[in-house]
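Quick notes on the structure that follows.
The values are calculated or read from the model by the stated rules, or taken from the named source; none is laboratory data. All of these numbers come straight from a predicted model, not from anything done at the bench. When we count neighbours, we look across all protein chains shown, and the Cβ atoms used for this are built from the backbone with ideal geometry, even at glycine.
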Amino acid sequence: MSRKPAVSHIQRKLIPSYIFLTIVAFLSVFPLYWMFTAATNTSVEVARGKIWFGTNLVENYKNLIATDNLWQAMGNSFFYAVVQTLAALLVCSLAGYGFELYHDKGKDKLFAILLLAMMVPQVATLIPLFTMVSQLKLLNTVWAFIIPGISTPFLIMMFRQNSRNFPIDTLEASRIDGLSEIGIFFRMYFPMMKSTYAAAAVITFMGAWNSYMWPRTVMKGNSVKTMPILVANMSNGYTVDYGMLMLGVLFASLPTILIFFILQKQFAEGITGSVK
């Protein structure tokens, strides 16, 4: 009987926290909810601030596919994002693995210089990168899209930090058993770092899918258009169909939402540096 007042008192103290978290959760989810509802309404209804579902979804879809090649842009974005993600995971994990498990003072200095690159804004590298890609005659190709994102300082740092949890005993035992260094990486390191790979895949895929400035610079023509470019073009006219625009934004958002929800557990484990 003596415990009940104490529990009630604790619960009463938590009420303000619950209220605050509820408000924050609502504010976080509302833009996503509004995007879904706006995609089903007319442009006038969206402009008036209607926040419940309408009946104009099919009409918005017909207008969207009539205005631009939606599925080609979706396919281009998916292909570019997948290729860049796979390439970045391989290159950055090899670099992080080498920096940590084969490190010396020289590599530490090189890694410090590499971290300085994280402070350079993308805009500052836009013109040199464009010049390089243009001279290599790679404009309007998948290579023009993925080359700048194959190796990023953040992913290399992430793999290096998480590689510190890789057991050295496993590395030494593998060498004693005669496994090659490449074999150790693919047969021992890769399976034990799946969470890190999942987190890196989510980060890279989302970054590649949402990339706008660089594809806008090097990818010209409708055949190589990506979803961010398609959505941006929809809002450049004198009159904007907000219902159609929000449906385009919905299509552009769904893949990243699905990827995150599918890999959210592994993403959390990879960010915290867990090794299995």
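Observations on the structure shown:
- L90 farther than 26 Å from F251 by Cα, out of contact with any Cys (no Cβ under 6 Å at 6 or more places or on another chain) and either surrounded by 10 or more Cβ atoms within 10 Å (Cβ to Cβ) or among the charged types (D, E, K, R) (or both): yes
- Index of the failed condition, Y97 passing every other in (1) within 30 Å of F154 (Cβ to Cβ); (2) of a type in the set (F, W, Y); (3) not assigned by TED's automatic domain parsing to the domain that holds T226: (3)
- Any chance P148 is in contact (Cβ under 8 Å) with a residue 60 or more places away in the chain and either surrounded by fewer than 16 Cβ atoms within 10 Å (Cβ to Cβ) or more than 24 Å from F261 (Cβ to Cβ) (or both): yes
- Residues that are touching a Phe, Trp or Tyr at 6+ places or on another chain (Cβ under 8 Å) and part of a helix (DSSP H, G or I), drawn from the range 172-194: F185, Y189, F190, M192
- Residue in the range 64-74 that is in contact (Cβ under 8 Å) with a residue 60 or more places away in the chain, under 30 Å from M158 (Cα atoms) and within 28 Å of the chain's Cα centre (by Cα) present: yes
Per-residue answers, yes or no, for (1) farther than 30 Å from G75 by Cα; (2) of a type in the set (G, A, S); (3) modelled with pLDDT of 85 or more:
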residue: P128; (1), (2), (3): no, no, yes
residue: M132; (1), (2), (3): no, no, yes
residue: A144; (1), (2), (3): no, yes, yes
residue: F154; (1), (2), (3): no, no, yes
residue: F166; (1), (2), (3): yes, no, no
residue: E172; (1), (2), (3): yes, no, no
residue: G183; (1), (2), (3): yes, yes, yes
residue: Y189; (1), (2), (3): yes, no, yes
residue: I203; (1), (2), (3): no, no, yes
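- Scanning the range 218-271 for residues that are in a loop (DSSP other than H, G, I, E, B), touching a residue at least 40 places away in the same chain (Cβ under 8 Å) and closer than 23 Å to N140 by Cβ turns up M219, K220, G221, K225, T226.
- Single residue of the range 19-43 satisfying the filter (among the β-branched types (V, I, T) and surrounded by 11 or more Cβ atoms within 10 Å (Cβ to Cβ)) that is nearest to D241 (Cα to Cα): T42
- Residues of the range 207-217 that turn out to be of a type outside the set (S, T, Y) and assigned to a loop (DSSP other than H, G, I, E, B), as a count: 1
- Here the helices (runs of 4 or more DSSP H) wholly within the range 1-108 that include at least 2 residues being farther than 30 Å from Y238 by Cα are 3-38, 70-101.
- Which listed residue, of M227, M206, is buried (at least 20 other Cβ atoms within 10 Å of the Cβ) and within 15 Å of the chain's Cα centre (by Cα): M227
- Qualifying residue in the range 209-217 (condition: in the same structural domain as G96 (by TED's automatic domain parsing), under 25 Å from A81 (Cα atoms), in contact (Cβ under 8 Å) with a residue 40 or more places away in the chain and of a type in the set (K, R)): no
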